[in-house]
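A.B. asks: Quick one: structure below, then a few questions.
Just so you know, all these numbers are worked out from the coordinates, no wet-lab data involved. Bear in mind that the values here come from a model prediction, so they are computed numbers and not experimental data. All Cβ positions, even for glycine, are placed from backbone atoms using ideal geometry, and neighbour counts span all protein chains on display.
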Amino acid sequence: MQGRQQGFTLVELIVVIIILGILAATALPRFLDVTDEARTASIQGFAGGMRSAVSVVQAGWMARGANSTGVTMADGTVVTVAQTTGLPTGAAAGIGAALRCEGGTACQGMTVTYGSPTTTFDFSPSVTNCNVTYDETTGNVTATTTGC
């Protein structure tokens, strides 16, 4: 008696490959859109970090008597603040120091435009409406993600 061989036929293998191809073609577009979601998450995370930095600086200002124009942080960094509110100024020595920005135009991978009363942190010069703004008069941090 001759033993019967077992295995898949060529037709069965081709059918499986076609089914996998169809599944990949329908699932792939869902994963292509993660770049926009990643940008949005990055902006929102940066805005949350900025809100925390503003709160920590203002709390330090209040703890030290609420009457100075500078707050020395635990690591020795001096953050310039408004004397009446304790909020970091919209300058590199203010909000830039609170965020530990690495330069006059760069901060944690973002492009910074310091100003008074509003400072803008852009995700990328080529991506519009994907930024975080800081208002030194109110301490408000606003994330704009419509262009991310």
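A.B. asks: Please list 3J(HN,Hα) in residue order for segment 42-57, calculated via the Karplus relation 6.51 cos²θ - 1.76 cosθ + 1.60 where θ = phi - 60°; whole Hz, with x for glycine and proline.
C.D. replies: My calculation for segment 42-57 gives 5, 4, 5, x, 4, 4, x, x, 5, 4, 5, 4, 4, 5, 5, 5 Hz in order.
A.B. asks: While we're here: What size of dipole, in debye to the nearest 20, comes out for segment 12-148 about its Cα centre when the only charges are +1 on Lys and Arg C-beta atoms and -1 on Asp and Glu C-beta atoms?
C.D. replies: On the way: 5 positive and 9 negative charges, 69 e Å.
My answer is approximately 340 debye.
A.B. asks: Let me ask something else about it. What length, rounded to one decimal in nm, is gained on full extension from A93 through to T146, with 0.36 nm per residue of separation minus their alpha-carbon distance? Mind dumping the intermediate values first?
C.D. replies: Working: separation 53, 0.36 × 53 = 19.08 nm, distance 2.95 nm.
Going from the current span to full extension adds 16.1 nm.
A.B. asks: Quick one: 3J(HN,Hα) in Hz for segment 108-122, Karplus 6.51/-1.76/1.60 with θ = phi - 60°, rounded, Gly and Pro as x.
C.D. replies: Karplus values, whole Hz, x for Gly and Pro: 6, x, 9, 8, 9, 10, 6, x, 10, x, 10, 10, 10, 10, 8.
A.B. asks: From Cα pairs below 8 angstrom and at least 6 apart in sequence, can you work out the relative contact order of the chain, rounded to a whole percent? Don't jump to the answer; show the numbers that get you there.
C.D. replies: Details: 211 pairs, mean separation 26.1, N = 148.
Normalised by residue count, the contact order of the chain is 18 percent.
A.B. asks: Note down the nm distance, to one decimal, between modelled labels 7 Å out along Cα→Cβ at I19 and at N67.
C.D. replies: Inter-label distance under the simple model: 7.9 nm.
A.B. asks: Using only helices, what value at 222 nm comes out for the chain when you add -39,500 (n - 2.57) per DSSP H run of length 4 or more and divide by the total residues, to the nearest 500 deg cm²/dmol? Working shown, then result.
C.D. replies: On the way: 2 runs with 53 residues, N = 148.
The helix-only estimate for the chain comes to -13000 deg cm²/dmol at 222 nm.
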